[in-house]
Amino acid sequence: MLAKIAIRSVVATAALTLVGTAVPGHAMAASSTPLPRAAGIEAGELTFAPNASATTRSMVAANPTAAARAATVCGTNYTKVITAQRLPSDSARYATVYVYTDGTTTGPRFYDKPTCGVLFNETGSAQYMGIRLKDNYTSTADDEDFGTYSTYAGPVRQKKGYCGEVYSYMKKGGRVVIDNLSGVGSCN
């Protein structure tokens, strides 16, 4: 558990450094010297999975830096955006769920692609929240991350998750504000 918290802190700090956002407890001195590039994904490195929806494409185009931060949490190879969705809606947004693939195929079917999901908290304070990623194979266990987080829940991964589902959940002030199940990819 402590290792996960330490890794989460390092990844969050690196991701936020990419966009120049100060992290509490990590003061950034005012300087004209550019910060060193954190190990992460730049917005220009993102591409879309072939079946990414028009909504996903426009959302990432509107805020590529946020999408790159989420991809950085998943790892440097996860640059193909499968889905990006504001939750519970565009007008009442508490979080954004992102699901990525690295584009490789891990099995005999085209849809056997590794996936990674992250649920970003956009409330400005810690909330009980979680994300669960499942593939379309009944024998594979779901990967999930639930807890009280101020930045994000995840990353969660599936080896063959392209035709799976992503579940997002958040409680705010004791009230459930997100309880959402979405498909990952476009499958027949």
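Descriptive notes on the structure:
- Residue among Lys134, Lys160 that alone is modelled with pLDDT of 90 or more, crowded, with 18+ Cβ neighbours inside 10 Å, within 25 Å of Phe48 (Cα to Cα) and basic (Lys, Arg): Lys134
- One residue from Arg86, Arg57 being modelled with pLDDT of 90 or more, open to solvent by 40 Å² or more (accessible area, probe 1.4 Å) and either in a helix (DSSP H, G or I) or β-branched (Val, Ile, Thr) (or both): Arg57
- Here Tyr128 passes the criteria (1) assigned to a loop (DSSP other than H, G, I, E, B); (2) farther than 23 Å from Ile41 by Cβ; (3) of a type in the set (Phe, Trp, Tyr) except the one numbered (1).
- Against the conditions (1) more than 19 Å from Ala70 (Cα to Cα); (2) out of contact with any Ser or Thr (no Cβ under 9 Å at 6 or more places or on another chain); (3) touching a residue at least 12 places away in the same chain (Cβ under 8 Å), Pro155 satisfies every one except (1).
- If the condition is being open to solvent by less than 80 Å² (accessible area, probe 1.4 Å), within 18 Å of the chain's Cα centre (by Cα) and farther than 15 Å from Ala92 by Cβ, then segment 172-188 contributes Ser182, Gly183, Val184, Gly185.
- Looking across segment 89-111, the residues that are of a type outside the set (D, E, K, R), in a loop (DSSP other than H, G, I, E, B) and out of contact with any Pro (no Cβ under 8 Å at 6 or more places or on another chain) come down to Ser89, Ser91, Ala92, Gly103, Thr105, Gly107, Pro108, Phe110, Tyr111.
The values are calculated or read from the model by the stated rules, or taken from the named source; none is laboratory data. Every value quoted in this text rests on a predicted model; they were computed, and no experiment measured them. Positions of Cβ are generated from backbone atoms using ideal geometry, with glycine treated the same way; all protein chains shown enter the neighbour counts. Calculation scope for accessible area: heavy atoms of the full protein, side chains included, ligands and nucleic acids excluded. Shrake-Rupley method; radii C 1.70, N 1.55, O 1.52, S 1.80 Å.
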